[in-house]
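Read through the structure below, which is laid out as structure tokens, and then see the notes.
The values are calculated or read from the model by the stated rules, or taken from the named source; none is laboratory data. Predicted model only: the values in this text are computed from it and were never measured. Here the Cβ positions follow ideal geometry from the backbone for every residue, glycine too, while neighbour counts run over all protein chains shown.
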Amino acid sequence: MFADLHLHTHFSDGTYSPEELAAEARRRGISALALTDHDSMEGCARAAAACARHGMEFVPGIELTAEHAGAEMHILGYFLDPAHPRLGRELARFQQTRQERIREMVARLNQRGVALRAEAVFALANCRSPGRPHVARALVQKGVCRSLDEAFERFLKKHRPAWVPKYKISARHAIELIHDAGGLAVLAHPGLNRNDDVLPDLVGAGLDGLECWHSKHTEAQAAHYLDLARRHRLLVTGGSDCHGTSKGPPLLGSVRLGWDYFLQLKAAAQRSGAAV
Ligand code: AMP
Ligand code: FE
Ligand code: FE
Ligand code: ZN
């Protein structure tokens, strides 16, 4: 038995609905999954119901956009309460600033002669947590770019004309917020951050775990983070970070977290009082 604890739906920048995600996960032999949309838990209720129908365990989760020492990082939250009032207020702020950011990106594209309306991006995104991938899809749909990659390369990457920085909270704040909402905080894909020096600070701030296995980690990175997790006494998680079908074949189930690690995560959540 195995788990995939890093997944996106169309409630952020994935392509699957929660029901499609659960059905596809079942086909791939997954026994437990976590939904970790960017700055949103909108899809969790539907994903929980779909997983229950398929006899799979479901973990309500999130991937919060955060920063520490000037570097962006993503903090995963697991087993948090989607109905927690303060969490709801803070997520509303994320979602409002994401929408303002889309308007700013579109304004910059317009200044460069690209005809696009923010409403077209919102209609295509159809979620409260829109991001650059939705602008990229709109540019492809309009025929301005031939591929999502081209849209990022020409317009949306950092230092390109339509790039706009994203609202982030401090990693310390993210960890504290996740704890307040009854969850466990895990540093996402540390191998992509290329800076392990932040780890002691994050552990000091209460970080609970490290995403050792990720589809973009090499075997050597996974081994390295397993070792760091052991030394800092952190929980070990893993997930594919599947975004559906937008970036080639779906990654769902390509990272398999062993069941013992999943049980340890669950036990820790129970100890910290989460409704598991
Ligand atoms: P945002 O949160 O709005 O800054 O967008 C970040 C998302 O864009 C992440 O989920 C990335 O996977 C996606 N992304 C970044 N670069 C590319 C690219 N070259 N092609 C497609 N998606 C990308
Ligand atoms: Fe994403
Ligand atoms: Fe991420
Ligand atoms: Zn992700």
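Here are a few things to note about the model shown:
- Here the condition is being surrounded by fewer than 24 Cβ atoms within 10 Å (Cβ to Cβ) and within 14 Å of ligand 1 (Cβ to nearest atom); of 10, 6, it holds for 10 alone.
- If you go through segment 211-265 and keep only what is under 25 Å from residue 18 (Cβ atoms), among the small types (Gly, Ala, Ser) and either modelled with pLDDT under 95 or outside any strand (DSSP E or B) (or both), you end up with 215, 240, 244, 246, 248, 253, 254.
- Among the residues of segment 240-260, those identified as more than 16 Å from ligand 4 (Cβ to nearest atom) and either free of Cβ contacts under 8 Å to residues at least 40 places away in the same chain or within 18 Å of the chain's Cα centre (by Cα) (or both) are 249, 256, 260.
- Selection of helices (runs of 4 or more DSSP H) fully inside segment 96-160 by the criterion of at least 2 residues being within 19 Å of the chain's Cα centre (by Cα) returns 132-141.
- The combined condition, being among the acidic types (Asp, Glu) and more than 19 Å from residue 180 (Cα to Cα), is fulfilled by residue 24.
- Residue count, segment 1-30 (criterion: within 19 Å of residue 214 (Cβ to Cβ) and either of a type in the set (A, V, I, L, M) or assigned to a loop (DSSP other than H, G, I, E, B) (or both)): 13
Matching residues to (1) basic (Lys, Arg); (2) closer than 20 Å to residue 266 by Cα; (3) more than 16 Å from ligand 4 (Cβ to nearest atom):
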{"site": "32", "(1), (2), (3)": "no, yes, yes"}
{"site": "40", "(1), (2), (3)": "no, no, no"}
{"site": "57", "(1), (2), (3)": "no, yes, yes"}
{"site": "74", "(1), (2), (3)": "no, no, no"}
{"site": "77", "(1), (2), (3)": "no, yes, no"}
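- For residue 126, the criteria (1) closer than 26 Å to residue 212 by Cβ; (2) modelled with pLDDT under 95 hold in every case but one, which is (1).
- Only residues that are closer than 15 Å to residue 184 by Cα and surrounded by fewer than 17 Cβ atoms within 10 Å (Cβ to Cβ) were counted across segment 82-109, and they come to 0.
- Residues in segment 10-23 that are closer than 19 Å to residue 256 by Cα and either within 16 Å of ligand 4 (Cβ to nearest atom) or touching a strand residue (DSSP E or B) at 6+ places or on another chain (Cβ under 9 Å) (or both): 21, 22.
- Restricting segment 38-67 to residues that are hydrophobic (A, V, I, L, M, F, W, C) and in a helix (DSSP H, G or I), the residue that is surrounded by the most Cβ atoms within 10 Å (Cβ to Cβ): 47
- Selection of segment 23-48 for residues being of a type in the set (A, V, I, L, M) and in contact (Cβ under 8 Å) with a residue 24 or more places away in the chain yields 23, 25, 30, 32, 33, 34, 35, 41, 45, 47.
- Within segment 194-214, the residues that satisfy the criterion of being more than 13 Å from ligand 4 (Cβ to nearest atom) and within 21 Å of residue 261 (Cβ to Cβ) are 196, 199, 202, 203, 206, 207, 208, 209, 210, 212, 213.
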